[in-house]
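Step one of this worksheet: look at the structure below.
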Amino acid sequence: MTTEQISIRVDKVTKALAEKVLRQLGLSPTDAVRMFYRQIVLRRGLPFAVKIPNAETEAALRELDEGKGRMSKDTKSFYGDIGI
């Protein structure tokens, strides 16, 4: 099988954060892109929903980008935080 090369541009912070997650999963960026492309082929489309967020979701994302909001240490504490 012959291979082709692709080139992408992504901001430095996103790249670093994504590669940290990929390392934890034992994947290289190349492995991740290969998996993504394969899923596109198998599903005949993107392997996730692409939607425009509503106003509430946009506000929540903005808060996170600004370093606001909070993080739960685990699932149990998350449910407690939201009153479940």
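Values in this text are rule-based calculations from the coordinates and carry no lab data. A quick note: this is a predicted structure, and the numbers were derived from the prediction, not measured. As a convention, Cβ positions derive from the backbone with ideal geometry for all residues, glycine included, and neighbour counts pool all protein chains shown.
Quick rundown of the values:
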| item | result |
| --- | --- |
| Value of Rg/Rh across the chain [Cα atoms, Kirkwood radius] | 1.05 |
| Fully extended contour minus Cα-Cα distance, from A55 to S28, at 0.36 nm per residue | 6.2 nm |
| For the range 31-36, Karplus couplings with θ = phi - 60° (6.51, -1.76, 1.60), whole Hz, Gly/Pro x | 4, 5, 5, 4, 5, 4 |
| Point-to-point label distance, T2-E19, nm (Cα→Cβ direction, 7 Å offset) | 3.0 |
| Extension gain from R38 to V10, taking 0.36 nm per residue of separation minus the Cα-Cα distance | 8.0 nm |
| Amide H contacts of L27 (H built 1.01 Å from N, under 5 Å, at least 5 apart or other chain) | none |
| C-alpha long axis of helix 12-25 to longest principal axis of the chain, angle in ° | 80 |
| Assigned charges on the beta-carbon of Lys, Arg, Asp, Glu; the chain dipole about Cα centre (debye) | 280 |
| Number of Lys pairs (Cα under 25 Å; 8 or more positions apart or on different chains) in the chain | 11 |
